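K.L.:
Below is the structure I would like to discuss, written out as structure tokens.
The values are calculated or read from the model by the stated rules, or taken from the named source; none is laboratory data. Please read these numbers as outputs of a predicted model, since none were measured by experiment. Counting neighbours? That spans all protein chains shown, and the Cβs are built from the backbone with ideal geometry, glycine included.
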Amino acid sequence: MSDSLTDQLAAIVGAKYVSTDPDVLAGRCVDYTGRYRGRAAALVRPGSDDEVAAVLRTCRDAGAYVTVQGGRTSLVAGTVPEHADVLLSTERLSAVGEVDVVERRVRAGAGATLAAVQRAATDAGLVFGVDLAARDSATVGGMASTNAGGLRTVRYGNMGEQVLGLEVALVDGSVVRRHSEVRSDNTGYDLASLFVGAEGTLGVITSLDLRLHPTPAHRVTAIAGFEDLDALLAVGREFRDVDGIAALELVDARASALTAEHAGVGPAVVGAWQLLIELAGDVDLTERLADLLSDAELTGEPAVGVDAATQFRLWQVREAVADVLGVYGPPLKFDVSLPLSTVAEFAAAATSLVAEHAPDAIPVLFGHVGEGNLHLNLVRCTLDADRERALYAAMMALIAEHRGNVSSEHGVGTRKRDYLTMSRTAADVAAMRALKAAFDPDGRLNPAVLFG
């Protein structure tokens, strides 16, 4: 990158917020899993929406590519640059405003962490509707850009359902400010939703108005064990439509064995499959939970928690899974969305496929079963590049064969861009490309993501 562009960026954000240090850049060019690496020419950290817009315009005029980074928790290499890009970090856009307890909303900078927003909501007696294990690192701007789901999706929906308004900097240096003080606003195009899930390819989200929810007065958590996955799925189908459902999480025995060995967190029940269920509401739902489980084909009595300490312990296995996946090196990840009717068949077929392509790998399955969103992780998967590509392509084909979607909540990023047409028609992709061309005609923003 030219010294001239570096000087221009420094003039916009301040010299201390621009770096071309190779060691700094190297640390920023690896993805969250440690599996994928890229290259960058500079890191710039703007401190306002106007600075973000000016950086984008300056880079466009200089012919430089820009990759946007928030908490860098993408699991599909969505923040890994490929073109010696300028890295634009939103980390300084971290302010969380005062909570409006009447309208139940809060404005936050794109670089605010999920944990910071959750704390603000809790302090105001409210709750934010999205929760992730990476809450201390994941930023709300990045979560909106990927339309993240998480542990509470079955109750509150994805990130897009929490976004009431936002500000977005565009590559031409303009800023779209779509904020409204009213809940119902059908004035023109719903531009805010256009940027949610766009993975930073149309513009850079700089701040958001976020919906908050009342805090349930009562909560009950349980973990039930199953030997048969179909039996678990039958219970999951029943619970996902129950009033008060707050979480519905699947963990397989391999995942709980890893957490027991490497995190000291053993399973609360026995069984090849475990289902974490949480109900929450204005009344105590413990009896309702017991009634719904009374006829289930369980391996034994479920573990139930009605107090915070017990609930925390029951959640530990599910929370610890993500932390232990890397004990044998970077895992190979698949973010799968399936109809519940095909989950068991897919799980068996995927295990066979892994045994065929990577016999030393350990397939670990967990996820948000209420939405059919499963995370298949291959631990101890040390294939060379060609064999990994073959396995990845075969798994994508298997997902499509079972009427699934190649990306449920992690986005497409760079890792899945070659498989976009498995989930989208040619006309659909053409429409998305037309939007990309309208907002970013030179393809300078997040150039490796989605389309490549």
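K.L.:
Kindly indicate which of Arg60, Arg107 is over 21 Å from Ser4 (Cα atoms), of a type in the set (Lys, Arg) and modelled with pLDDT of 95 or more.
P.N.:
Arg107
K.L.:
Would you check if there is a residue in segment 253-265 being surrounded by fewer than 15 Cβ atoms within 10 Å (Cβ to Cβ) and either more than 28 Å from Asp384 (Cα to Cα) or in contact with a Phe, Trp or Tyr (Cβ under 6 Å, 6 or more places away or on another chain) (or both)?
P.N.:
yes
K.L.:
What tally of residues in segment 101-131 results from selecting those that are hydrophobic (A, V, I, L, M, F, W, C) and touching a residue at least 40 places away in the same chain (Cβ under 8 Å)?
P.N.:
9
K.L.:
With the condition being within 27 Å of the chain's Cα centre (by Cα), I'd like the helices (runs of 4 or more DSSP H) fully within segment 260-375 carrying at least 2 qualifying residues.
P.N.:
By residue number, 308-324, 340-357.
For (1) small (Gly, Ala, Ser); (2) closer than 20 Å to Glu319 by Cβ, each residue gets a yes or a no:
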{"site": "Asp243", "(1), (2)": "no, no"}
{"site": "Ala253", "(1), (2)": "yes, yes"}
{"site": "Thr259", "(1), (2)": "no, yes"}
{"site": "Val265", "(1), (2)": "no, yes"}
{"site": "Ile277", "(1), (2)": "no, yes"}
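K.L.:
Something else about it: Within segment 378-399, can one find any residue that is outside the structural domain of Leu232 (by TED's automatic domain parsing), in contact with a Pro (Cβ under 7 Å, 6 or more places away or on another chain) and assigned to a helix (DSSP H, G or I)?
P.N.:
No, segment 378-399 contains no residue that is outside the structural domain of Leu232 (by TED's automatic domain parsing), in contact with a Pro (Cβ under 7 Å, 6 or more places away or on another chain) and assigned to a helix (DSSP H, G or I).
K.L.:
Residues in segment 156-198 that are of a type in the set (Lys, Arg) and either within 30 Å of Ala64 (Cα to Cα) or crowded, with 19+ Cβ neighbours inside 10 Å (or both): how many?
P.N.:
2
K.L.:
Please pick out the residue among Asp428, Asp440 that is acidic (Asp, Glu), over 20 Å from the mean Cα position of the chain (by Cα), crowded, with 16+ Cβ neighbours inside 10 Å and more than 30 Å from Ala246 (Cβ to Cβ).
P.N.:
Asp440
K.L.:
Six or more apart or on different chains, Cβ atoms under 8 Å: show the pairs whose first residue is in segment 403-418 and at positive phi and whose second is modelled with pLDDT of 75 or more and not in a loop (DSSP other than H, G, I, E, B).
P.N.:
Within 8 Å, the pairs are Arg403/Thr342; Gly411/Ser145; Gly411/Thr146.
K.L.:
Looking for whichever is at pLDDT below 90 and acidic (Asp, Glu) here; the options are Glu82, Glu51. Which one fits?
P.N.:
Working: Glu51 fails: at pLDDT below 90.
Of Glu82, Glu51, the one residue that is at pLDDT below 90 and acidic (Asp, Glu) is Glu82.
K.L.:
Limited to segment 341-371, what total is found for residues that are surrounded by 20 or more Cβ atoms within 10 Å (Cβ to Cβ) and touching a Pro at 6+ places or on another chain (Cβ under 6 Å)?
P.N.:
1
K.L.:
Another question, if that's okay. Within segment 164-180, identify whether any single residue is over 15 Å from Leu114 (Cα atoms), under 23 Å from the mean Cα position of the chain (by Cα), among the small types (Gly, Ala, Ser) and not in a loop (DSSP other than H, G, I, E, B), and answer yes or no.
P.N.:
yes
K.L.:
While we're here: Quick check: anything in segment 208-218 in a strand (DSSP E or B), touching a strand residue (DSSP E or B) at 6+ places or on another chain (Cβ under 8 Å), among the charged types (D, E, K, R) and at pLDDT 95 or above?
P.N.:
Scanning segment 208-218, I find at least one residue that is in a strand (DSSP E or B), touching a strand residue (DSSP E or B) at 6+ places or on another chain (Cβ under 8 Å), among the charged types (D, E, K, R) and at pLDDT 95 or above, so the answer is yes.
K.L.:
Next question, about the same structure. Checking the condition crowded, with 20+ Cβ neighbours inside 10 Å, among the β-branched types (Val, Ile, Thr) and over 30 Å from Arg444 (Cα atoms), which residue from Thr146, Thr153 passes? Steps first, answer last, please.
P.N.:
Values: Thr146 fails: over 30 Å from Arg444 (Cα atoms).
Every option except Thr153 fails the conditions.
K.L.:
State all residues of segment 113-138 that are more than 29 Å from Phe239 (Cβ to Cβ), under 15 Å from the mean Cα position of the chain (by Cα) and modelled with pLDDT of 95 or more; if no residue qualifies, say none.
P.N.:
Result: Thr113, single match.
K.L.:
Can I ask one more? Is it fair to say Ala231 is out of contact with any helix residue (DSSP H, G or I) (no Cβ under 6 Å at 6 or more places or on another chain), within 29 Å of Val324 (Cβ to Cβ), small (Gly, Ala, Ser) and without any contact (Cβ under 8 Å) to a residue 24 or more places away in the chain?
P.N.:
Judged against the criteria, Ala231 is not a match.
K.L.:
Now for a different question. For segment 219-239, which positions are in a strand (DSSP E or B) and among the charged types (D, E, K, R)?
P.N.:
Matches in segment 219-239: Arg219 only.
K.L.:
Another question about this same structure. Against the definition (of a type in the set (Gly, Ala, Ser) and part of a loop (DSSP other than H, G, I, E, B)), how does Gly47 come out, yes or no?
P.N.:
In short, yes.
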